[in-house]
Each structure stands twice: as C-alpha cells, then as structure tokens.
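Colleague: Structure below; questions to follow.
The values are calculated or read from the model by the stated rules, or taken from the named source; none is laboratory data. Every value quoted in this text rests on a predicted model; they were computed, and no experiment measured them. Neighbour counts are summed over all protein chains in view; Cβ atoms, including those assigned to glycine, are modelled from backbone coordinates with ideal geometry. Just so you know, the surface numbers come from the protein's heavy atoms only, side chains and all, with ligands and any DNA or RNA stripped out. Shrake-Rupley method; radii C 1.70, N 1.55, O 1.52, S 1.80 Å.
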Amino acid sequence: MNALNIDLPKLEVRRYSQLVDGKSGEAMSGERFERRSPAHGVVVGNYPLADVADAHAAVAAARNAFDTGPWPRMSARERSEILLVISERIAGNAEELAMMDVLESGKPISQARGEMAGAVDLWRYAAGQARSLHGSVPAGLGQHMLGLIEREPVGVVAMITPWNFPFVILSQKLPFALAAGCTVALKPSELTPGSSLRLGEMLKDAGLPDGVVNIVVGYGNTVGQTFAEHDDVDMISFTGSTQVGKSVVRAAAGNLKKVALELGGKNPQIVCADADLDAAADAAVFGVFFNVGQCCNSSSRLIVERSVAKRFEEKLAELTARVPVGDPLDPETRVGAIINDAQMEKIEGYLKGAIEAGANPLCGAERIKANAGLYYAPTLMSGVTRDMKIAREEVFGPVLSILTFETLDEAIGIANDTHYGLSAGIWTSDHDRALIAARDLRAGTVWVNCWMDGFSEMPFGGVRQSGLGREQGAQAIEEFTEQKSVLFHRGPRAGRWVPGV
Ligand code: NAD
C-alpha cells in the first residue's frame, strides 16, 4: 500500500481502445501491448497497438471529417461551446487522468494534479480564441478594391506527443487546432497513451462529430513516420526530441506540409552575486529536479558568478538533500521515477563521461532502490566546463551542471553556447543586467528572478534547434490557420490589359 491506499499488485489493469472515425475499438492487427509503471514495476495499462494501416485509417477519417463534415463549417460559437464542455469533462475527471499519467510516467501525483489544472485552463482559453479569431480589411487599397484577409483552418493536423507531460502537451495543441476548425490524427507516446485515449472517450461524449479527432497508439517509426509522410496531412505538430524532430521535417517534405516543432533544450540559469541567493537556490533545485529533470524546460545548466559559487553550491547541496524522492503516489514526493531503462542508462552514461572529463559530483550520481522502480538520486555536478558533453547535450535526468563566470558577457556567452534555444533565466537585483540578459539570451522564453512560470496567455516555443513556431498565447490558434486574400473589385473595370479593345 502507499499514501493513496492504492493496492498496486491488485490494481485492475485498464484496457484502452483506440478511436478512429468515432468508433472505439481494436487496432486492425488485433495486437495489444502493455505498460508497466516505472515507479512500481507493475503492469498499469493495456492498449491496442496501432500500425501503418491504423495510421492511414486515422488520417482518412480526419480528411473526410475536414472535407465533408460539419466541424470546419460550424460557427465559432458552436465549436467554442463544445470545447467548453470538454474542458468541464476534463476538470470533472482530473483525478483519474492525473493518476493515469502518474502510473505510466512515474511523475509525482501532486505535480500531475497541477498539470490537469493547467490543461483545463488551456482548453478554456482555446474556447475563447475560437470566437476571437478574425481576419482583417486593409484600409488603403484604393476606391475600386476591397481586400478581405480571411483566416481558414489549415486542414488535417497530425499530432505526435512525448511521454514527459502527456496530457498538458496534448492540451497545448489539440484545443487550439479544434478551435480553428481543423481535424486531427493524434499519436501519443507509446509509453504514456492512457490519458490521451481516455480523452478520446470524453470528446465523443461532449458531442465532437465523428472523425474530428482520431487517436491511435503505435511506435514512432510506424505510426509517427506515416503521419509525417502522409500526403493527406496538411500540418504536423510535433513535440519531442530534436533528433526525431529533424526526421519529421525530412518526412514532411514530401508534400511540403506545414511543420510546428517543440523540441529539446539545454536551458541555463545565470545567478549573479547580487541576486536573492536563497530564492535562486530554491529555483535552481526546482528547475532541474522537477519531473526528475525529464523536462524540455529543465534548467540543467547553472552559471554562477564566481565570487559566490562556493557558497551557492553549499546552499544547493543542503536543499537537494531535503528534496523528497520516491513513490509518486505519495503527495509529499517531489521527485518520482525515471521513465525507462534506456533513459536511466543514458543518464549514467553522461555522468560517467563527465566524471572522466574532470567534473565532480557534489551529491547523488547513483541509483536509488525503492518500490521495485527506477529511481535516480538528484545530482549536482561541480567543475563543469562549457566544452563538456554534459554542459552541451540534453541529459534528461536529475543532473545539474554547475559552471562559473566573472562578467555578464561571459555568462551570456556560456548560456548561448549550445545548439538549443528553448528557455533561459537570470537571477539579479540589477535591472540593467536583467534587461541586457533578457535581450541577449537566445531563447524562446527568458525568466527573470523566476523559473518555469507559465501562462496560457504567454507564447511558448524555441529558437535554433529547440523548435519552430509557438504554442499558447494570443496567436496560438493562428498556428492552425492559413491566411487567404480575397480581392473584390468595386465598379466598372478601369482600362483594358489588351491594347486597342
Ligand atoms: P522522442 O522524440 O523520442 O518521441 C516523441 C514522439 O515522437 C513519441 O510519440 C515517439 O513515438 C514519436 N516518434 C519517434 N520516432 C519517430 C519518427 N521517426 N517519426 C515520427 N514520430 C516519431 O521524444 P521523447 O523521448 O518522447 O520526449 C523527450 C523529448 O521531448 C526531449 O528531447 C524533450 O526536450 C522534448 N520535449 C520538448 C518539449 C517542448 O515543448 N519543447 C516538451 C516536452 C518534451
């Protein structure tokens, strides 16, 4: 038993269905697969295993719903009302959805509950955007011309999502695409498909027409690749690793579909000597150990002013020792399990390499045995230099690389010295330094004296190899639209092109 009194060995393994053209059912092959909780080692879900044929069926249903169905033709008010009903269904079932994400991913229940609240807000925000989307009329085209710039849904959108925030990431995409009038073929990660499939049931109940959202779960090189290549897909919205993102771009070139990418990061926090060091230390520990560091926004690099580096490292070590690690079903837990063996081995490989290169573990750097699950101790690495792999590549684990600087220019230079550009931050009480850093840090988001605060109103996305396009924010719906220019001539045609007529 655990803090929530769930008897895991006796847990009834949930059997999920895929959703194609409004019908819940099995994959065409009839094959199924299972997922074990990485935190407890027991089977927690059983899912239909979709293959290329299911991916084609999902796209065909979305295509048909877009080309002939009611969804793109409805008024924005009607679409918005359905999105609001869905948001209420999500709110009403938030605990069940949170538990699915916890059992499949190993993330702490307190965090998963927060993610569901964030997801509900995104659905509500998107419902509002359905009604505020508008085109425009340029005023200066002359007396004979009326120009209408319309916004149309882009069409069939294929969505591919990762395992680290299964429901929130889906909610950063799906409600905005639906608000615009698009139809969707969705492939959640094969490691965490439960909450997406459960959402499929809610969409049907809320009155979404058949075929508007189709959800199939399979592997990236079958279902994902088929979506990315498919000629009947007008846009692909992908969240995942930079490496797979690049292969999605290559596959999408066949029909030049629109591509939106949310990819990896190696996000720096700069800590200046004049900062509130206690607040910065807490944010540094939160920034890197949140979601066990398996987070695109993980602040995996800390760049500390040399004069306070020693004192700051001591603060970090003290706080790290107090972070509750273990069973994600315990509401006090802050750090849960690592997603799978491959990820665990990747983390260990990076640490081995860093130690060989001369970095020094201040704490952690070892596995923790608990609950028959995969746990890794929160790890602080001192003496990291900017050329080390651990300072440049995404570890995706609870590992903080600590570097030092003398001048702000040097700090910004180190911060910008990767291929990524998702997010960055600075801690300082000097407004000038904050404003210079906010201007010069090459990232989609810069946090000043805070870390990872997010709002539906604020656009999110990366520059350089962290992505293409933005989710959330006032323009989120526009990502799922195309502009159309319509030109109306007023009055008789003036003059003729063909001479002498
Ligand atoms: P991943 O790239 O391995 O997989 C992501 C998704 O792509 C999964 O559904 C997977 O099945 C699918 N996929 C795999 N190969 C594919 C292929 N050839 N064609 C099409 N689809 C394919 O990433 P992951 O391990 O699931 O997630 C972790 C990564 O995601 C990290 O790099 C992280 O930084 C990134 N991420 C980014 C954001 C963001 O908003 N920028 C958010 C969360 C995660």
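Colleague: Could you tell me the calculated FRET efficiency between residue 241 and residue 407, based on Cβ-Cβ distance and R0 = 35 angstrom, to the nearest 0.05?
Modeller: That gives a FRET efficiency of 0.55.
Colleague: Placing +1 at every Lys and Arg Cβ and -1 at every Asp and Glu Cβ, with all other atoms neutral, what dipole size does the chain have around its Cα centre, in debye to the nearest 20?
Modeller: Values: 49 positive and 61 negative charges, 235 e Å.
Result for the chain is approximately 1120 debye, rounded to the nearest 20.
Colleague: In the chain, what percentage of the DSSP-assigned beta bridges are antiparallel, given to the nearest 5?
Modeller: Given both bridge residues lie in the chain, the antiparallel proportion sits at roughly 40 percent.
Colleague: On to the next question. Okay, which of the stretch 351-378 sit inside 20 Å, backbone N to the point 7 Å along the Cα-Cβ direction of residue 330?
Modeller: 364-378
Colleague: Measure nothing but the geometry: give the 0 to 90° angle between the long axis through the Cα atoms of 306-321 and the longest principal axis through the Cα atoms of the chain, rounded to 10°.
Modeller: Approximately 90 degrees, to the nearest 10.
Colleague: Measuring from label point to label point, each 7 Å out along Cα→Cβ, what is the residue 64 to residue 322 span in nm?
Modeller: Going by the 7 Å Cα→Cβ label model, 6.0 nm.
Colleague: Right, here's the next one. With the crude spin-label approximation of a point 7 Å out along Cα→Cβ, what separation in nm comes out for residue 96 versus residue 77?
Modeller: Taking the two extended label points, one gets 3.2 nm.
Colleague: Shape verdict for the chain, please, from the Cα gyration tensor: rounded (a/c under 1.5), prolate (a/b greater than b/c) or oblate. Present the calculation step by step, with values, prior to reporting the outcome.
Modeller: On the way: a/c = 2.12, a/b = 1.32, b/c = 1.61.
Note, shape of the chain comes out oblate.
Colleague: Would you mind pulling out the separation of the Cα centroids of the stretch 3-58 and the stretch 117-161, in Å?
Modeller: Cα centroid of the stretch 3-58 versus Cα centroid of the stretch 117-161: 35 Å apart.
Colleague: How high is the relative contact order of the stretch 399-497? Use alpha-carbon pairs under 8 Å, at least six apart in sequence, and give a whole percent.
Modeller: So the answer I get is 21 percent.
Colleague: How large, in percent, is the carbon and sulfur part of the accessible surface of the chain at a probe radius of 1.4 Å?
Modeller: Heavy-atom surface of the chain belonging to carbon and sulfur, 1.4 Å probe: 52 percent.
Colleague: Moving to a separate point now. Counting Lys +1, Arg +1, Asp -1, Glu -1, what net charge surrounds residue 254 among other residues with beta carbon under 12 Å of its beta carbon?
Modeller: Values: positive: 250, 257; negative: 229, 231, 232.
Overall, the nearby charge balance is -1.
Colleague: Work out how much length residue 497 to residue 438 would gain on full extension: take 0.36 nm times their residue separation and subtract the Cα-Cα distance, in nm to one decimal.
Modeller: Result for the pair: 15.9 nm of gain on full extension.
Colleague: At 1.4 Å probe size, with every protein chain present, just tell me what the per residue accessible area of the stretch 159-317 comes to in Å².
Modeller: Each residue of the stretch 159-317 exposes 26 Å² on average to a 1.4 Å probe.
Colleague: What's the angle, to the nearest 10 degrees (0 to 90), between helix 194-205's Cα axis and the longest principal axis of the chain?
Modeller: With both axes taken from Cα atoms, the answer is about 30 degrees.
Colleague: Sort out for me the Cα centre separation of the stretch 396-462 from the stretch 61-113, rounded to whole Å.
Modeller: Rounded to whole Å, the Cα centres lie 32 Å apart.
Colleague: Same structure, new question: What does the C-alpha gyration tensor say about the overall shape of the stretch 415-501? Classify as rounded when a/c is under 1.5, otherwise prolate if a/b is larger than b/c, or oblate.
Modeller: Cα axes put the stretch 415-501 in the prolate bin.
Colleague: Suppose R0 equals 30 Å; then what is the FRET efficiency for residue 33 and residue 367 from their Cβ-Cβ distance, rounded to the nearest 0.05?
Modeller: Efficiency computed from Cβ-Cβ geometry: 0.70.
Colleague: Below 8 Å, C-alpha to C-alpha, sequence gap of six or more: please give me the relative contact order for the chain in percent.
Modeller: Normalised by residue count, the contact order of the chain is 18 percent.
Colleague: In terms of Cα to Cα distance under 24 Å, which lysines are near enough to residue 369, apart from those fewer than 8 places away along the same chain?
Modeller: 10, 107, 346, 352
Colleague: Moving on to the next point. Any lysines with Cα under 22 Å of the residue 257 Cα? List them, leaving off those in the same chain fewer than 8 positions away.
Modeller: Straight-line reach from residue 257, under 22 Å: 173, 187, 246, 484.
Colleague: On to the next question. I'd like the antiparallel share, as a percent to the nearest 5, of DSSP beta bridges with both residues in the stretch 268-448.
Modeller: Here the share of antiparallel DSSP bridges comes out near 20 percent.
Colleague: Given the peptides 405-413, 474-482, arrange them by the average over their residues of other C-beta atoms within 10 Å, most packed first.
Modeller: Details: 405-413: 16.2, 474-482: 20.7.
Ranked from most to least packed, the peptides come out as 474-482, 405-413.
Colleague: What distance in nm separates the simple spin-label points at residue 88 and residue 417, each placed 7 Å from Cα in the Cβ direction?
Modeller: 5.6 nm
Colleague: Oh, and also: Distance between the C-alpha centers of the stretch 473-501 and the stretch 258-302? Whole Å please.
Modeller: Going from one Cα centre to the other spans 46 Å.
Colleague: Let me ask you something else. Report the calculated FRET efficiency for residue 355 and residue 278 (r = Cβ-Cβ distance, R0 = 25 Å), to the nearest 0.05.
Modeller: 0.30
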